[in-house]
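Report on the structure given below.
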Amino acid sequence: MTPEAASFSFPRGRALPVMGVVLALLAAWYLAALLGNWNGAADALARAGAAPDTAKIAAATMAQERPVVPAPHQVFSELSRSTVGVPLGSKRSLVYHAWVTLSATLLGFALGSALGIALAVAIVHLRSVEASLMPWIVASQTVPILAVAPIVIVALGAAGLTGLLPKAVIAAYLCFFPVTVGMVKGLNAPDRIQRDLMRTYSASRGQVLARLRWPAALPDLFASLKIAVAASLVGTIVAELPTGAQAGLGARLLAGSYYGQTVRIWAALIAAAALSALLVQGIGLAEAAAARAMGARAPGAAR
Amino acid sequence: MTHRAARIGLLTPAALAGGAALAIAAHRAGLAGEAGSGFWLAAFLVWLAATLAARDLAALAPRTATGRRILRLAVPLLFGFLVLVLWEAVVVGAGVPAVLMPPPSSIAARFAAALPVLGADFVQTCLKSALPGYAVGCLSGLGVAILADRFPLLGRGLLPVANVASALPIVGIAPIMVMWFGFDWPSKAAVVAVMTFFPMLVQAGAGLAATGRIERDLMRTYAAGYGRTLASLRLPIALPFLFTALKVNATLALIGAIVAEFFGTPIVGMGFRISIEAARLSLDMVWAEIALAALAGSAFYGIIALAERAATGWHPSVRAG
């Protein structure tokens, strides 16, 4: 969760081992499905009056309606059924639920990173803000923020605000902290000698910020944005849980949990994971574009 | 300097006394719910005094270490006091209904009244769910990182996958864990274990890679084997990374345990209490739970930070602070 942890690079020579690990995980998943569903499948066959022979049970573990561990192909067929099999706007479409979650995530991410950047600029420039606010910002992160989710939703709901905004507020709360911390570090990155040079040019504080501190902070900014966007997705999904939201990936998880539809839970989880990976990838593309615009030779070379 | 000292000596007590008077005055019969402009003017003055005092305090540079430590505590405490006072004054003075935002005083009263319930919730969520999950997740993360380091082929495949996995919304596996491990604390501990596993794996991987080539070569000239090098050189070098993961995981563990309770739980636990009390609109109880969670989270984080200070006293980031 630190900037080091957010490097999603796949240097050459890693493709094969990564493929190996992924294949091993898939194999382990099938094995887990076989073992996890064994008793259930055997019971079901025995109840149906069939002779419980090993091959039949093994086949049955892969095709149960409510398995303990759904097999990968079950999850992927549910995924394809609920994405391309139903109309996009339908309540049964995973794309619709993903869109509900994504829109709140993006709004919260925008709010949270704007707040985080503003706070970082204030902290770097005003000593009193740093002294009085910074300990509370750090303390705010030791609070399990997600516990606040129901309150924010109830309070904003009573004030007449429902739908997107309360979820976005929670997402923003989760994602401003990494941005603030990363930006404070980045804005303070220029050496004393560089700042002194700016002073000999008689640059104003605004100019030092725009020409020196801001460009120097960009690598840290993107590293923390990658963490922030993943955090805001988690925030949105959790914000959909405790309040009985009607739509969104979190609501889908909760509904699946109530009705014991395991396959549907796993499909929603995979959709959430794919969404998260896409969002982080998007920030990576923006980083590469920014690096190119600033004249760096390769993404990450600006560091 | 004397000028500033005089200002601090005047403004700080004024802000504290004025704030306390404001918070008490807000409850007076004529004021509660229908405060006039005089009340708001007083609130504004208290805010101004506290801000100016905080600014002057922050600009001080005491010569002794104790003085600096006191100052580092005093400024945020003053700020926190100001927030509580203004919260109380605004909520009571403007008559905000308690279902929207209860004042701090009623939250404190509720906290004191509901101590047994809060204690039971704390035991269930923090001690039974979060702590075992945290221990299992961190230890297995460290173990797998060492394995991945020992066998580089495994590491090259595993670490990128772990990088991706640590950005996934892992807390979503809570319903699956409830299905596997039942409603009680083992399912919550399992969620916490999976959540804390990946940050530890990634950080420990980075920490084990942080040793310089020269130091490793030196160990080789001493004919030290892998285990010896690991114990005497590489784990100590990796300690700052490990503590980063431990601190990140300290907050993740509480979040995981609380959120997992939204998916079904016996009738005890902080997540359970928050969701039912929010549904019954008794927000003072919800805020009392949040205060408890904040206290527990801060204490947990503080303990880890103290351990870090004791264990990595040699590291520049600790020595400088």
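The values are calculated or read from the model by the stated rules, or taken from the named source; none is laboratory data. None of the values given here were measured: they were computed from a predicted structure. Here Cβ is always computed from backbone atoms with ideal geometry, including for glycine, and neighbour counts include all displayed protein chains. With ligands, DNA and RNA removed, areas are computed over all heavy atoms of the protein, side chains included. Shrake-Rupley method; radii C 1.70, N 1.55, O 1.52, S 1.80 Å.
A residue that is polar (S, T, N, Q) and more than 29 Å from A:V234 (Cα to Cα) occurs nowhere in region B:185-205. Residue-level analysis places A:T262 among those that are out of contact with any strand residue (DSSP E or B) (no Cβ under 8 Å at 6 or more places or on another chain), modelled with pLDDT of 80 or more and either facing chain B (nearest Cβ under 9 Å) or at positive phi (or both). Against the conditions (1) of a type outside the set (G, A, S); (2) in a loop (DSSP other than H, G, I, E, B); (3) away from chain A (no Cβ under 13 Å), B:P97 satisfies every one except (3). Would you say B:A26 is open to solvent by less than 60 Å² (accessible area, probe 1.4 Å), away from every other protein chain (no Cβ under 14 Å) and touching a Gly at 6+ places or on another chain (Cβ under 8 Å)? Yes: the conditions hold for B:A26.
Among the residues of region B:271-287, those identified as closer than 14 Å to B:I107 by Cβ, facing chain A (nearest Cβ under 8 Å) and either touching a Lys or Arg at 6+ places or on another chain (Cβ under 9 Å) or assigned to a loop (DSSP other than H, G, I, E, B) (or both) are B:V286, B:W287.
Counted as qualifying within region A:35-126 are the helices (runs of 4 or more DSSP H) with 3 or more residues that are over 23 Å from A:A271 (Cα atoms), namely A:54-61, A:94-125. Meeting the requirement of 3 or more residues that are modelled with pLDDT under 80 and under 27 Å from B:L252 (Cα atoms), the helices (runs of 4 or more DSSP H) wholly within region A:132-235 are A:149-158.
Restricting B:F44, B:F39 to those that are touching a residue at least 12 places away in the same chain (Cβ under 8 Å) and either under 15 Å from B:V90 (Cβ atoms) or open to solvent by 40 Å² or more (accessible area, probe 1.4 Å) (or both) reduces the list to B:F39. Checked against (1) aliphatic (A, V, I, L, M); (2) in contact (Cβ under 8 Å) with a residue 40 or more places away in the chain; (3) open to solvent by less than 30 Å² (accessible area, probe 1.4 Å), B:L131 passes all but condition (3).
Would you be able to say whether some residue in region A:63-73 is modelled with pLDDT under 85, more than 24 Å from A:T236 (Cα to Cα) and of a type in the set (G, A, S)? Yes, some residue in region A:63-73 is modelled with pLDDT under 85, more than 24 Å from A:T236 (Cα to Cα) and of a type in the set (G, A, S).
Could you tell me whether B:L281 is open to solvent by 50 Å² or more (accessible area, probe 1.4 Å) and not small (G, A, S)? Criteria met by B:L281.
The residues listed here are B:A135, B:A162, B:A193, B:A189; of these, the one that is at pLDDT below 85 and out of contact with any strand residue (DSSP E or B) (no Cβ under 7 Å at 6 or more places or on another chain) is B:A162. Figure legend. Inter-residue proximity from region B:156-183: first residues facing chain A (nearest Cβ under 7 Å) and hydroxyl-bearing (S, T, Y), second residues open to solvent by 30 Å² or more (accessible area, probe 1.4 Å) and outside any helix (DSSP H, G or I), beta-carbon distance below 9 Å, spacing 6+ or different chains. Indicated pairs: B:S166/A:M1.
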